[in-house]
Amino acid sequence: MRKLYGGANSRALRSLWMLEELALDYEHVPVDFARKETRSPEYLAINPNGRIPALVDGELVLWESMAINLYLARTYDGGLWPADPADQARALQWSFWAMTETEAPLVEALANRFLLPADQRKPERIERAERALAAPLAVLDGALAGRPALVGERFGVADLNVASVLAWMRLVGFATGATPHVGRWLDACLARPAFARARRR
């Protein structure tokens, strides 16, 4: 039985969503980094970085949410992994893009909205994060103009990976009015039943 370690209130949500989309049997092992459960000897034997998520699938032990999702989509064909090599490359491109272009400002906004103690939160950093997202969101909006999905014509691994990062926009209250194609697409992605099931984990 494959196991996914991490809570749904963390980056593990991305991989829980993937497992639910693929309808795979798995055991969810909640690990709470706030309680330092990621620093236990048992967990460090699985992921020596002390971070979540981590996947154990048979003999394979894998960390990093994007690596886990790309592995699952490619290994367990649920229609999320593109067949064409060029489209596979585009799926990789968008997955890496989400991490390098959008995750850091969203983490900063989350920290200053919820995670830091109230006396350490700086509203100006939330505003700075929103400004930093403007350029990458404009790029994404252009890519989604007149298109239902990032790669091909239907929801796939690229959409799941990017939407799983941008879902934090909804949490911190960032609007998508300036990027209507992003707003439409993100709403459709987050309305998927598999995402709702993953959030309940």
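Summary table below
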{"read-out": "Cross-chain or 6+ apart pairs with Cβ under 8 Å, region 109-120 first and touching a residue at least 24 places away in the same chain (Cβ under 8 Å) and in the same structural domain as residue 172 (by TED's automatic domain parsing), then part of a helix (DSSP H, G or I) and aromatic (Phe, Trp, Tyr)", "value": "109/168; 110/168"}
{"read-out": "Search result, residues across region 22-39 that are outside any strand (DSSP E or B) and of a type outside the set (Asp, Glu)", "value": "22, 23, 24, 26, 30, 31, 33, 34, 35, 36, 38, 39"}
{"read-out": "Conditions (1) surrounded by 14 or more Cβ atoms within 10 Å (Cβ to Cβ); (2) assigned to a helix (DSSP H, G or I): number failed by residue 81", "value": "(2)"}
{"read-out": "Residue list for region 148-183, filter: of a type in the set (Lys, Arg) and without any contact (Cβ under 8 Å) to a residue 24 or more places away in the chain", "value": "170"}
{"read-out": "Unique residue being in the same structural domain as residue 158 (by TED's automatic domain parsing), of a type outside the set (Gly, Ala, Ser) and surrounded by fewer than 21 Cβ atoms within 10 Å (Cβ to Cβ) when the list is 90, 74", "value": "90"}
{"read-out": "Total residues in region 166-186, condition in a helix (DSSP H, G or I) and more than 17 Å from residue 98 (Cβ to Cβ)", "value": "2"}
{"read-out": "Odd one out for residue 50, checked against (1) over 27 Å from residue 158 (Cβ atoms); (2) in a helix (DSSP H, G or I)", "value": "(2)"}
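Each row is one residue, and each column tells you yes or no for (1) of a type outside the set (D, E, K, R); (2) farther than 20 Å from residue 162 by Cα.
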residue: 36; (1), (2): no, yes
residue: 40; (1), (2): yes, yes
residue: 50; (1), (2): yes, yes
residue: 92; (1), (2): yes, no
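The values are calculated or read from the model by the stated rules, or taken from the named source; none is laboratory data. Keep in mind that what you see is a predicted model, and the values were worked out from it rather than measured. Positions of Cβ are backbone-derived with ideal geometry, glycine not excepted, and every protein chain shown enters the neighbour counts.
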